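Visitor: Please read through the structure below; I'll follow up with questions.
What follows is calculated from the coordinates using simple rules that are stated; it is not laboratory data. Just so it is clear, the structure is predicted and the values come from calculations on it, not from any experiment. Reconstructed Cβ throughout: ideal geometry from the backbone, glycine too, with neighbour counts over all protein chains shown.
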Amino acid sequence: MSYLNLPAGIPNFSKAVISFWFRVPQQSLQDTWDIYNAETSRSRLFGIMPLLTFGEKFEGYKIGITPGSESSYTHTSWFTPGSSWAVLTSETITYNTGAVQSQGESFDCDPSFVGIEVRTETADDDTEVLKGYLKVYLQTASNGSPSNVSQNLRLSIGDRNTGAASGSALGTFLETHWDYLLDMCAMEDAAPNNPWVITRTPSEDISDLILQQYGPDAFDVATNIEVKPDVWHHVLISFDVSAATAVTGFRVWDEYGACPGRSSRWPVRTETQSTFENPSKIWIAFDDKHYEGDDLRPPVDAGGIRLELGPNDILSRNSITAAQSINGGSHDNAWDVTGSWVQQTFDSGPPATYSLEPVKLPAMGQPFGIPASADLAGKIHKVEMAEFQMWLDVTLDTYYTSKRRAFLAHPLGVEPKDLLDADGNPILDPSTAEPQRNSKGKPIIDSDTGRPVPDMDTAQPKKDPTGMAPVDPKKAASMMKKQPEILLHMSKNWKIGKNTGSYQDGVTVYDTDDPGSSSTFLPGKFEPTGDIKTWKPDPKVGETVGKTVDS
Amino acid sequence: MTAPTCPTSRNQVRGPASELTPRARLPAIPTATDLPSLIRTVNIIRDVLRQITINTTINNVWPGLSPPPGRGKSYPTWFLTHIDHSIGFVFNKTRTTDAGSGQRTTDTDKEQRVYIARTDRVEFADGNEGTSDKTNRFIWSYKKNLDSWYGDPVRTSPFQEDFFERIVNVKWKDYLAVEFGDGAGPGGGAGNGGGPSL
């Protein structure tokens, strides 16, 4: 395989703009899928065809579950041989106080990447179709600050006393309680030493254990943008993960209460909905189309309610987990027909909280690879690429057509809107239509033009005659008001790994703002590996044909 | 199938908390083998029969919702029955007045927009009356059109000829694209990161 590598990486950063062209052969998607299915355990870039990888690589772990300690309670059965209670039987019941979760077997987690997630989907004819979707994964080095996202819960069961009064004792030991079967308050004889108290409450906050199982926090942007194989695409990505995000989880409390004051079997429910503040952002345009909302990243439901994320808002993995965390429980006070009444309290605690301070992606000292770094070369598959540009510490809203035009444009100036009528419907091309025919089946000729009259019902939509093509990188640099830090322009530079961006001679990163502090030099020239071939013709959106021209 | 990469985790509590609470059930009726167990069995049968057959009981102290004597209808019990949201954008508008004619015009700049998520209408119904057209309802509404609703398919801004020249007849000195290989050639086979530099 072949690839370009910056072994020492680039400075840590929190904002970026990335633009490049790529074309993925169908066979490469198939190869990615085959490797995914052949691997017996999780590996890095599992089911992902990489286009760009960078940043630190962490390990995660599976969650091990072991049985908790055992405890016991005494179940005493009473009866009334006369006018008072007497013990009929007594036995000790052993129970487990609940499973304990702990750190289990480790596995490798992904570094940051831009790639294609390969999936199979069921087509209308029930056949499995292989598809690729654009995915952006941004791995931070921060674990954030969680609480109550997950707990080890402990079950505690008190002594149980059951039995029914009879004979002269009947009606002597009345207690009023809610009766589920009758759906009302009832007064019944209750055995001695009631209630039967059952609780399940947190014994240990294991939020760190649960959240860190996939490594430090990350932004997993699994888009709904399909990457069709064998055609050229342009992708323009920008993101900003410098936000200080705060999240609270969902809490629900069901108070079943007790007699009197209860109207039905349904509890009084108190809910606290999930909240989030200050999310991070990502902007993506693919083939000149700006994506937002559910097409950009999956919706986030928390407690059955969709979080009102803005069109370009993204939450980190841990933030989503915390927002979706449901804590709470119920308190109940109910009749058990065997002569006891039960007080149950299940409470997993207050709402989860999570905060992620502004982060920088840990890219320094870590290989930066196109399509992947050397240590991930086994996941590289054949791919054509062109015109890679990357700016650090700036963002770009891809919503704006004028900004997208700094990266790709129609050579003849034809805009997509020019192919639509005033109602937004495709304009039909008369030249593709069948001629209208008379009753004898002969084409009707327009007397003015001498040409057949087109049957527009058979016409095809007017097509863009050109396709969108790369724009001179100077345009983007002018718009961004600075040179890209990384620029791979022209195939001759790709082949030798020559970065013509502002980092072409490398960059010195100081440990602190003090210029006298110790520093690290990061070379700016890529190390090419393997056979990187020139490809022609130049990319255009939707272009399918092409071939390599040398080796 | 979805090829996962370090998927998002979920915490251990799933579903409504009310589902976590076990409910009382009718007890199994044990077989009697001696006098004590017979007494126990009879008592349990008695309880089960009472649970099944009796539909009233003493001391049902829940008063229920009822108006003071002579007040007629019961108090309404409001249930939220409907919410309308608007999600979309408003664009920046500038109003200008022609000095000569005094005519006022509004220009919309779609390059400047604000994302809006707004509740337009909430509707409550009286749960004491069931739901029908005649149900007593409590409604609050606010309606003001946004400039563009979330999900509108066409939201492109005009091509800016003054900033970006057309790229007709651009001739690069070299081709732009390259192909990265995946196995054949000097780079080596799958799983191998080695290979000579060019």
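Visitor: Please report, in debye to the nearest 20, how large the charge dipole of the stretch A:23-68 is about its Cα centre when each Lys and Arg carries +1 at its beta carbon and each Asp and Glu carries -1 there.
Guide: 100 debye
Visitor: Placing +1 on the Cβ of each Lys and Arg and -1 on the Cβ of each Asp and Glu in the stretch A:125-247, which of A:Asn152, A:Ala222, A:Ser242 has its Cα farthest towards the positive end of the resulting dipole?
Guide: Going by the charge dipole, the pick is A:Ser242.
Visitor: Out of A:Thr201, A:Met187, A:Ser168, whose Cα points farthest toward the positive end of the dipole of the stretch A:146-221 (charges: +1 Lys, Arg; -1 Asp, Glu; placed on Cβ)?
Guide: Farthest towards the positive end: A:Ser168.
Visitor: Let me ask another. Along the positive direction of the dipole of the stretch A:213-331 (beta-carbon charges: Lys, Arg +1; Asp, Glu -1; about the Cα centre), which of A:Val252, A:Ser316, A:Ser330 reaches farthest?
Guide: Positive-most Cα among the choices belongs to A:Ser330.
Visitor: Are there any GluC sites (Glu not before Pro) in the stretch A:17-94 that are in a DSSP loop and have at most 13 other Cβ atoms within 10 Å? List them by number.
Guide: A:Glu39
Visitor: Return the loop-located trypsin sites (Lys or Arg not before Pro) in the stretch A:377-443 (DSSP other than H, G, I, E, B) with at most 16 other Cβ atoms within 10 Å of their own Cβ; answer none if there are none.
Guide: A:Lys440
Visitor: Charges only on Cβ, +1 for Lys and Arg, -1 for Asp and Glu: so what's the dipole of the stretch A:457-522 about the Cα centre, in debye to the nearest 20?
Guide: The calculation lands at about 520 debye.
Visitor: Using Cβ-Cβ distances only, list the Cys residues of chain A with no partner cysteine under 4.7 Å, sorted by number.
Guide: A:Cys109
Visitor: A follow-up question, please. Across the stretch A:99-108, in residue order, what do the Karplus-derived ³J(HN,Hα) couplings come to in whole Hz, using 6.51 cos²θ - 1.76 cosθ + 1.60 with θ = phi - 60° and x for Gly and Pro?
Guide: 5, 10, 9, 8, 6, x, 4, 8, 8, 7
Visitor: Can you give me the Cα centroid spacing of the stretch A:65-131 and the stretch A:513-551 in angstrom?
Guide: Answer, in whole Å: 50.
Visitor: Then there is this: If neighbour count is taken as other Cβ atoms inside 10 Å, put A:Val509, A:Val87, A:Val149 in order from fewest to most.
Guide: A:Val87, A:Val509, A:Val149
Visitor: With θ taken as phi - 60° and the coefficients 6.51, -1.76 and 1.60, list the Karplus ³J(HN,Hα) couplings across the stretch A:228-237 in order, rounded to whole Hz; mark glycine and proline as x.
Guide: 6, x, 6, 10, 6, 10, 10, 10, 10, 10
Visitor: Turning to a different aspect of this structure: Which entries in the list A:Lys281/A:Lys482; A:Lys131/A:Lys525; A:Lys15/A:Lys131; A:Lys360/A:Lys475; A:Lys57/A:Lys289 go over 25 Å, if you measure between the two C-alpha atoms of each?
Guide: The pairs that break the limit, which is 25 Å between Cα atoms, are A:Lys131/A:Lys525; A:Lys15/A:Lys131; A:Lys360/A:Lys475; A:Lys57/A:Lys289.
Visitor: Mind checking Rg over Rh on chain A, alpha carbons, Kirkwood formula for Rh?
Guide: Checking Rg against Rh, the ratio lands at 1.15.
Visitor: Ranked by Cβ crowding within 10 angstrom, fewest neighbours first, how are A:Thr223, A:Thr353 ordered?
Guide: The order, fewest Cβ neighbours first, is A:Thr353, A:Thr223.
Visitor: Between A:Gly60 and residues 5 or more places away or on another chain, which pairs have amide H atoms under 5 Å apart, with H built 1.01 Å from N, and which residues are they?
Guide: Answer set, sorted by chain and number: A:Phe107, A:Asp108, A:Cys109.
Visitor: Got the relative contact order for the stretch A:135-260 handy, in percent, Cα pairs under 8 Å and 6 or more residues apart?
Guide: 38 percent
Visitor: On to the next question. What is the set of long-range amide H partners of A:Asp336 at a cut-off below 5 Å, with H atoms built 1.01 Å from backbone N?
Guide: Amide H neighbours of A:Asp336: A:Trp341, A:Val342.
Visitor: Quick one: which residues, 5 or more positions from B:Ala177 or on another chain, have an amide H under 5 Å from its amide H? H modelled 1.01 Å from N in the peptide plane, none for Pro or chain starts.
Guide: A:Ser491, A:Trp535
Visitor: Normalising by the residue count of chain A, find the relative contact order in percent from Cα pairs under 8 Å and 6+ residues apart.
Guide: Answer for chain A is 21 percent.
Visitor: Report, in debye and to the nearest 20, how large the dipole of the stretch A:402-460 comes out about its Cα centre when Lys and Arg carry +1 and Asp and Glu carry -1 on their Cβ.
Guide: In debye, rounded to 20, the stretch A:402-460 gives about 240.
Visitor: Got a sec to turn the phi values of the stretch A:151-164 into Karplus ³J(HN,Hα) couplings, 6.51 cos²θ - 1.76 cosθ + 1.60 with θ = phi - 60°, whole Hz, x for Gly and Pro?
Guide: 9, 7, 9, 10, 9, 10, 10, x, 4, 10, 10, 10, x, 10
Visitor: Fewest to most neighbouring Cβ within 10 Å: what's the order for A:Ile444, A:Ile10?
Guide: A:Ile444, A:Ile10
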